[in-house]
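Novice: Sharing a structure, written as structure tokens. Questions coming.
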Amino acid sequence: MRTRFAGHSDEEIAEGLAELAEFRDTVLARARITRGETVADVGTGTGLIAIAAVERVGPDGTVVAIDISADCLEEVRRIATAPNIVYLIGTAEVLPLPNESIDAVLTRSVLIYVSEKDEAASEFFRVLRPGGRVSLFEPINSRNLRLSEAVDFGELASLVAEWERETYSREDDPMLNFDEHDLVRCFEEAGFRDIDLDLRSGEGEMSADRMLNGVGAPGRKSILEIWQGRFSPEEVDELVRILRSHNSIRRAWPQVYLSAVKP
């Protein structure tokens, strides 16, 4: 969490924590978990969903925390006190679980890292028991409000617009190459039924410095770093000046909750 909110104001941290809590609670509620069930949190990360799921399954249930990072799992193990959390290393496309062993699969902002989303959906289907549910949250980054639409960059507007066109048209970027319709198709083709899609329009304001220096996900570059690698120093200075002339930048980022049932 310190890394996620590095450089944020106290107000921005409070807003971010509230947003994460909403994601967590909505994913859990849509999974319809009952006591005694076995649920898998795929892409556990820092344990936001896994730790909260323990209360839902009760002492007779089990939460399986799965992540590609052993360091993340060790951190969750350090802070979690529940004895009924199982820790496994794995990916969404290759789950270390037997067939039909899970009652509910939960994920939050995981498929944006997965190139083969159809394979992940098939894995979720494989490990679920008949009647098992999947519940997930994903940002639909491909339909974010473009920075060039939120800010008037004047004579440099065409440079920003062209950079955005190239960025959002990359078919090899799993964070940007899908929308909610692609997710529905993946889960339909995997065999799921009763697919329910709750598409929401996230909106808010962001400071210029946070917009410039924030990192959307581990391993990604900030906008400032990208601009420094693409534009001349003079162009970067002017783009930064224009951005910082705004007290805040309007944001809009569609996000989706998807739930489905294995027949």
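The values are calculated or read from the model by the stated rules, or taken from the named source; none is laboratory data. None of the values given here were measured: they were computed from a predicted structure. We place every Cβ from the backbone using ideal geometry, glycine too, and count neighbours over all the protein chains shown.
Novice: Please verify whether segment 116-130 includes one or more residues that are more than 22 Å from the chain's Cα centre (by Cα) and not charged (D, E, K, R). Before the answer, list the steps.
Specialist: Start the filter on segment 116-130 by keeping residues that are more than 22 Å from the chain's Cα centre (by Cα), which leaves 126, 129-130.
Filter again for not charged (D, E, K, R), leaving 130.
Yes, some residue in segment 116-130 is more than 22 Å from the chain's Cα centre (by Cα) and not charged (D, E, K, R).
Novice: Pull up segment 172-192, narrow it to residues that are part of a helix (DSSP H, G or I) and not aliphatic (A, V, I, L, M), then point me to the one that is surrounded by the fewest Cβ atoms within 10 Å (Cβ to Cβ).
Specialist: If we filter segment 172-192 for residues that are part of a helix (DSSP H, G or I), which is where we start, we get 180-190.
Subsequent filtering for residues that are not aliphatic (A, V, I, L, M) retains 180-182, 185-189.
Details: GLU180: 19, HIS181: 10, ASP182: 14, ARG185: 15, CYS186: 21, PHE187: 24, GLU188: 13, GLU189: 12.
The extreme case among them is HIS181.
Novice: Enumerate the pairs (first residue in segment 159-170 and touching a residue at least 60 places away in the same chain (Cβ under 8 Å); second residue anywhere and hydroxyl-bearing (Ser, Thr, Tyr) and surrounded by 12 or more Cβ atoms within 10 Å (Cβ to Cβ)) with beta-carbon separation below 9 Å, excluding pairs fewer than 6 apart on the same chain, so at least 6 apart or on different chains.
Specialist: VAL160/SER148; TRP163/SER148
Novice: Can you give me the number of residues within segment 31-78 that are basic (Lys, Arg) and in contact with a Lys or Arg (Cβ under 8 Å, 6 or more places away or on another chain)?
Specialist: If we filter segment 31-78 for residues that are basic (Lys, Arg), which is where we start, we get 32, 35, 56, 77-78.
After this cut, where a residue has to be in contact with a Lys or Arg (Cβ under 8 Å, 6 or more places away or on another chain) as well, the list is 32, 35, 56.
Adding up the residues that qualify gives 3.
Novice: Only one residue in SER115, SER69, SER148 is surrounded by fewer than 19 Cβ atoms within 10 Å (Cβ to Cβ), in contact with a helix residue (DSSP H, G or I) (Cβ under 8 Å, 6 or more places away or on another chain) and of a type in the set (Gly, Ala, Ser). Which one? Please lay out each step first, then the result.
Specialist: Details: SER115 fails: in contact with a helix residue (DSSP H, G or I) (Cβ under 8 Å, 6 or more places away or on another chain); SER69 fails: in contact with a helix residue (DSSP H, G or I) (Cβ under 8 Å, 6 or more places away or on another chain).
Answer to the check: SER148.
Novice: Would you check if there is a residue in segment 111-126 being touching a strand residue (DSSP E or B) at 6+ places or on another chain (Cβ under 7 Å), of a type in the set (A, V, I, L, M) and not assigned by TED's automatic domain parsing to the domain that holds ILE242?
Specialist: Step one: of segment 111-126, the residues touching a strand residue (DSSP E or B) at 6+ places or on another chain (Cβ under 7 Å) are 111-112, 124.
With the extra rule that they be of a type in the set (A, V, I, L, M), the set shrinks to 111-112.
Imposing the further condition that a residue be not assigned by TED's automatic domain parsing to the domain that holds ILE242 reduces the set to 111-112.
The answer is yes; a qualifying residue exists.
Novice: Next question. Is at least one residue of segment 84-97 touching a helix residue (DSSP H, G or I) at 6+ places or on another chain (Cβ under 9 Å), closer than 20 Å to ALA31 by Cα and assigned to a strand (DSSP E or B)?
Specialist: Yes, some residue in segment 84-97 is touching a helix residue (DSSP H, G or I) at 6+ places or on another chain (Cβ under 9 Å), closer than 20 Å to ALA31 by Cα and assigned to a strand (DSSP E or B).
Novice: Additional query: So in segment 121-136, with the set limited to residues that are outside any strand (DSSP E or B) and of a type outside the set (Gly, Ala, Ser), which one is surrounded by the fewest Cβ atoms within 10 Å (Cβ to Cβ)?
Specialist: We begin by selecting, within segment 121-136, every residue outside any strand (DSSP E or B); these are 121-127.
From what's left, of a type outside the set (Gly, Ala, Ser): 123-127.
Working: GLU123: 21, PHE124: 29, PHE125: 21, ARG126: 17, VAL127: 22.
The extreme case among them is ARG126.
Novice: Return the total of residues in segment 89-113 being without any contact (Cβ under 8 Å) to a residue 60 or more places away in the chain and under 19 Å from LEU183 (Cβ atoms).
Specialist: Our first condition is that a residue be without any contact (Cβ under 8 Å) to a residue 60 or more places away in the chain; within segment 89-113, this holds for 89-100.
With the extra rule that they be under 19 Å from LEU183 (Cβ atoms), the set shrinks to 91-93, 95.
Result for segment 89-113: 4.
Novice: Suppose we filter segment 12-34 for residues that are assigned to a helix (DSSP H, G or I) and at pLDDT 65 or above; how many remain? Please lay out each step first, then the result.
Specialist: Pass one, segment 12-34, residues assigned to a helix (DSSP H, G or I): 12-31.
So of that shortlist, the ones also at pLDDT 65 or above come out as 15, 18-31.
Residues that pass the stated criteria total 15.
Novice: Sticking with this one: What number of residues within segment 35-75 are farther than 25 Å from ARG200 by Cα, part of a loop (DSSP other than H, G, I, E, B) and touching a residue at least 60 places away in the same chain (Cβ under 8 Å)?
Specialist: 1
Novice: Out of GLU188, GLU171, GLU119, GLU166, report the one residue that is under 30 Å from GLU234 (Cα atoms) and out of contact with any Phe, Trp or Tyr (no Cβ under 7 Å at 6 or more places or on another chain).
Specialist: GLU166
Novice: Among the listed residues GLU166, GLU225, identify the single one that is more than 30 Å from SER69 (Cα to Cα), among the charged types (D, E, K, R) and not in a loop (DSSP other than H, G, I, E, B).
Specialist: Details: GLU225 fails: more than 30 Å from SER69 (Cα to Cα).
Every option except GLU166 fails the conditions.
Novice: Still on this structure, please answer the following. Does GLU166 satisfy being of a type in the set (Asp, Glu), over 30 Å from ILE102 (Cα atoms) and surrounded by fewer than 17 Cβ atoms within 10 Å (Cβ to Cβ)?
Specialist: Details: of a type in the set (Asp, Glu): yes; over 30 Å from ILE102 (Cα atoms): yes; surrounded by fewer than 17 Cβ atoms within 10 Å (Cβ to Cβ): yes.
Here the answer is yes, as GLU166 does meet what is asked.
Novice: ALA217 passes all but one of (1) in contact with a Leu (Cβ under 7 Å, 6 or more places away or on another chain); (2) of a type outside the set (Lys, Arg); (3) in a loop (DSSP other than H, G, I, E, B); which number fails?
Specialist: (1)
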